[in-house]
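Accompanying notes for the structure given below.
The values are calculated or read from the model by the stated rules, or taken from the named source; none is laboratory data. Remember, predicted model here, so these are calculated numbers, not experimental data. A quick note on method: Cβ atoms are made from the backbone with ideal geometry, for glycine too, and the neighbour counts reach across all protein chains shown.
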Amino acid sequence: MTFDLTKIDLALLNSMTKYPSIPTYHTLDPKNGALSEPASAFEGDVIGTEKVDGTNSRIILTPDGRYLIGSREELLHADGDLIANPAMGIAAALKDTAERLRQAHHNRLTVYYFETFGGRITSASKEYTACGAVGLRLFDVIDINDPAALLAKPIEQISAWRENGGQSFSRNTT
């Protein structure tokens with residue numbers, strides 16, 4: 001099957017390329033979402049990192065040579081759009097990076113996950129730059145080898161695939 005961005009269900013692509021939920025160290029109170037005891041038990045290695053106070057964003061490079069830009073939850077812009085969703089300045093912040101990544105991209109579906117920060121993204125944005133600039137940090141990458149097979153499934157199965165470790169993240173070997 002030839003991948004054609006104009007002919008696929010974008011809701012399925014959106015679900016397939018979202019970042020999976022990240023477990024929290026403490027359990028969350030179902031009534032109000034507050035942290036509660038006891039702490040969650042994790043199996044195996046756990047990697048802790050400092051998170052920049054920004055917003056999750058992603059660039060999706062498609063096998064047909066196109067790109068989309070999204071937040072954690074929704075798609076905001078595709079190359080060639082006349083108007084991009086201005087939500088939090090994500091599309092504007094990632095557009096040049098998407099164009100550069102597309103130049104080296106070859107016939108696969110790849111998703112780059114970023115934290116976008118600064119500008120007016122959060123109330124803490126002023127802590128990152130005095131001039132209001134927006135920055136981004138890459139934190140993960142996946143390649144989806146057979147997007148057509150996943151796009152043939154119902155959205156509930158795609159979501160379960162994503163939330164249960166179906167995405168194959170690139171390993172940093174350096």
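Worth pointing out:
- Qualifying residues in region 135-152 (those that are hydrophobic (A, V, I, L, M, F, W, C) and under 17 Å from the mean Cα position of the chain (by Cα)) - the one surrounded by the fewest Cβ atoms within 10 Å (Cβ to Cβ): Leu138
- Checking the stated criteria, Glu99 turns out to be surrounded by fewer than 14 Cβ atoms within 10 Å (Cβ to Cβ), charged (D, E, K, R), modelled with pLDDT of 90 or more and touching a strand residue (DSSP E or B) at 6+ places or on another chain (Cβ under 9 Å).
- Top-ranked residue of region 104-125 - restricted to ones that are outside any loop (DSSP other than H, G, I, E, B) and aliphatic (A, V, I, L, M), ranked as farthest from Ile8 (Cα to Cα): Val111
- Residue check, Leu68 of a type outside the set (Lys, Arg), modelled with pLDDT of 90 or more and on the phi < 0 side of the Ramachandran plot: yes
- The residue list Gly165, Gly80 contains one member that is within 21 Å of Ser21 (Cβ to Cβ) and in a loop (DSSP other than H, G, I, E, B), which is Gly165.
- Any hit, region 43-55, residues being touching a residue at least 60 places away in the same chain (Cβ under 8 Å) and in a strand (DSSP E or B): yes
- Residue match in region 116-136 (condition: hydrophobic (A, V, I, L, M, F, W, C) and within 28 Å of Asp4 (Cα to Cα)): no
- Some residue of region 86-103 being part of a helix (DSSP H, G or I) and more than 25 Å from Gly65 (Cα to Cα): yes
- Qualifying residue in region 61-73 (condition: in a loop (DSSP other than H, G, I, E, B), in contact with a Pro (Cβ under 9 Å, 6 or more places away or on another chain) and buried (at least 16 other Cβ atoms within 10 Å of the Cβ)): yes
- Criterion violated by Asn14 - all others in (1) in contact with a Leu (Cβ under 9 Å, 6 or more places away or on another chain); (2) more than 28 Å from Leu151 (Cα to Cα); (3) surrounded by fewer than 19 Cβ atoms within 10 Å (Cβ to Cβ); (4) not hydroxyl-bearing (Ser, Thr, Tyr) satisfied: (2)
- The sole residue among Ser125, Ser159 that is polar (S, T, N, Q), closer than 21 Å to Ser21 by Cβ and either surrounded by 14 or more Cβ atoms within 10 Å (Cβ to Cβ) or in contact (Cβ under 8 Å) with a residue 12 or more places away in the chain (or both) is Ser159.
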